[in-house]
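Working notes, structure below.
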Amino acid sequence: MKIKAYTTLGIEELASRQENTLERFSSAEHEAMVSQNTGENASSKEDLIRSYLIDNYTKFGALGWFIHTVHENQCKNIVSFGAGFGVLEYLLSMSLPDDAVVIATDFDGVMVDAAAKYLSPIQARRFDFFQDDVKSLCDEIGAPIDLAVFWGSSCVMDDDELIRLLTSLYKAGVRVVMDFDAASMTAWNMIKREAQLWKVRLVRQVRRIPLVNLIAPPSGPLGPVWPSHPGKFHGWHRTPDHLIKQYDAAGWRLAGRRVIPPYNMAGIFKSSRS
């Protein structure tokens, strides 16, 4: 089971520029939103790491399991998708031998540039799920990939898109994939989420009546209670079982599964060849 996922991140700015909120974030839209982020204005490695950890310290539990899995499976060449500023990848690299290769990828050029500038020895590269391909990435790296990890990024792809990418990773010889999915939901929570979205759609229709906006303007105290916009389409909420089925369709078998906040579904998948 899956439903559409929406985010309110940057929605006011996008609405003011009359951007399309029905389509997923483009790299240009995302770069515009983070252009004022501390990451772009960081003056040192320490500054970048400090600003990241203030907002993302809850990911340390997931990082611990990630590092454990990398060592348990003797992985040396790691590619991360949706790495953002690459801080988690940098912390991972500190636990690996000098000849290990850690590639942090993201579609946001602002984040990639900051990671490339400050977080050596990791390598930072732009990678867009919808424009780039895994084979080109592997050719650019010049070494086989042992492990690929998604940090809350696989949810932006629809099922066909996700299966296509997972199949490419399988064909490229990747041995292990880890998926930390913050958008995963139980079926019951999806039903509740859909009920909230129906409320938003109803409010949007009601707000077309001028008298309603006079009595309860969006900027008034009832504005947050009567939201009229669901947010920006961001990807998909999937039940854990639905996500596992997509991996199975691409040749990956579930080898481990946990709930590690802020990720509702954290999974280890191994190639069916191994």
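Could you put Ile191, Ile260, Ile54, Ile78 in order, starting from the residue whose Cβ has the fewest other Cβ atoms within 10 Å?
Going from least to most buried by this count: Ile54, Ile191, Ile260, Ile78.
Measure out, as a whole number of angstrom, how far apart the alpha-carbon centroids of the stretch 41-59 and the stretch 118-159 sit.
Taking the Cα centre of each part, the stretch 41-59 and the stretch 118-159 sit 22 Å apart.
Mind sorting Asp159, Asp108, Asp181, Asp99 by how few other Cβ atoms lie within 10 Å of their own Cβ, fewest first? Working shown, then result.
Details: Asp159 15, Asp108 26, Asp181 23, Asp99 7.
Fewest-to-most Cβ neighbours within 10 Å comes out as Asp99, Asp159, Asp181, Asp108.
Using the 10 angstrom Cβ neighbour count as an exposure proxy, how do Val156, Val87 rank, fewest first? Intermediate results must be reported in sequence, preceding the final value.
Values: Val156 22, Val87 26.
Result, fewest neighbours first: Val156, Val87.
Throughout, read-outs are computed from the coordinates displayed, never taken from laboratory work. Remember, it's a predicted structure, so these values are computed and weren't measured experimentally. Heads up, the Cβs are rebuilt from the backbone with ideal geometry, glycines too, and the neighbour counts pull from every protein chain shown.
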